[in-house]
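Reviewing the structure listed below.
The values are calculated or read from the model by the stated rules, or taken from the named source; none is laboratory data. Here the structure is a predicted model, which means the values were calculated and not measured. Glycine gets a Cβ as well: all are built from the backbone with ideal geometry, and neighbour counts include every protein chain shown.
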Amino acid sequence: MTKSAMRGALIVLEGCDRSGKTTQCAKLVEALNNMKIPAKKISFPDRSTPIGSLINDYLSRKIELPDRSVHLLFTANRWELEPEIRKQIEAGVTLIVDRYSYSGVVFTSAKQCVDFKWCCGPENGLPKPDIVMFLKLSTGEMAKRSGFGDERYENIEFQHKVDINYDKFKNDNFIQVDAAQDVSILTNTLLEQVLKTIDTVKNQELDDLVL
Ligand code: TMP
């Protein structure tokens, strides 16, 4: 791969639990691959690694961990995939990422005993997404969707705090999309943004994240 070859885009989907991110990530990868555009899905937390397994135990309430400690595990889980993310992007593969650093910050800081700015620190230097698409769902709509499971954080009151925290990230590469719309219309809306982003960034350097 030469430096002049086109790179892939780093696309992140964010949102509260039950906003449809996982479904949409899968649909986007499928749509891109059907168009012969190399694309893969990555999810955070990645529960397949040793760090991810600890996170899974924490989320399923098998273990307890101090808030800052578990925050750093979520971040470490991203850093362990960082070399692979850079490699894939450089090789021309577009990555559709289900949650990223923004989830890390908005969920931990929703606990209120941990400062928002402190949460941002360890995320800095990770690859910066070319676009973040925030799937906005009202807490009323969220409650109507198939019930929350038993995992930590899966309750409306906490998700409301998370939703408010996301507002602190609204900037030029962070776009909000109505997650309550029909699934295939939503896929088309997101796909349009993804295709535009792939074309815009193909000859640009991948930036480092600064939160
Ligand atoms: P998931 O349901 O998308 O697999 O995410 C599991 C939970 O972990 C979800 O409630 C959001 C939370 N989370 C964090 O608290 N910090 C993070 O960095 C990430 C990626 C997720």
Exercise for review: For Ile164, indicate whether it is within 22 Å of Phe116 (Cα to Cα), in a helix (DSSP H, G or I) and either among the aliphatic types (A, V, I, L, M) or in contact with a helix residue (DSSP H, G or I) (Cβ under 8 Å, 6 or more places away or on another chain) (or both).
Suggested key: yes
Exercise for review: Can you tell me which residue among Asp172, Asp207, Asp178, Asp167 is acidic (Asp, Glu), surrounded by fewer than 15 Cβ atoms within 10 Å (Cβ to Cβ) and modelled with pLDDT under 90?
Suggested key: Asp172
Review point. Looking only at residues in region 86-97 that are buried (at least 21 other Cβ atoms within 10 Å of the Cβ) and out of contact with any Gly (no Cβ under 9 Å at 6 or more places or on another chain), which one is nearest to Met6 (Cα to Cα)?
Key: Ile96
Exercise for review: Taking the options Ile51, Ile55, name whichever one is surrounded by 14 or more Cβ atoms within 10 Å (Cβ to Cβ), in a helix (DSSP H, G or I), within 10 Å of the ligand (Cβ to nearest atom) and not basic (Lys, Arg).
Suggested key: Ile55
**Study point:** Single unsatisfied condition, Tyr153 versus (1) within 11 Å of the ligand (Cβ to nearest atom); (2) hydroxyl-bearing (Ser, Thr, Tyr); (3) modelled with pLDDT of 95 or more; (4) closer than 25 Å to Ala26 by Cβ
**Key:** (3)
Point to revise | Any pair with Cβ under 6 angstrom, 6 or more apart, that starts in region 22-49 at a residue that is modelled with pLDDT of 95 or more and ends at one that is in a helix (DSSP H, G or I) and among the hydroxyl-bearing types (Ser, Thr, Tyr) | key: Lys27/Thr187
Check your understanding: Which of the residues spanning region 25-48 are in a loop (DSSP other than H, G, I, E, B) and either more than 11 Å from the ligand (Cβ to nearest atom) or among the β-branched types (Val, Ile, Thr) (or both)?
Key -> Met35, Lys36, Ile37, Pro38, Ser48
Check your understanding: Out of the residues in region 129-150 that are assigned to a loop (DSSP other than H, G, I, E, B) and surrounded by fewer than 20 Cβ atoms within 10 Å (Cβ to Cβ), which is modelled with the highest pLDDT?
Key -> Ser138
Check your understanding: Of the residues Arg68, Arg61, Arg99, Arg86, which is more than 10 Å from the ligand (Cβ to nearest atom), at positive phi and in contact (Cβ under 8 Å) with a residue 24 or more places away in the chain?
Key -> Arg61
Exercise for review: Looking for whichever is surrounded by 14 or more Cβ atoms within 10 Å (Cβ to Cβ) and either more than 30 Å from Lys196 (Cβ to Cβ) or among the acidic types (Asp, Glu) (or both) here; the options are Leu32, Leu72. Which one fits?
Suggested key: Leu72
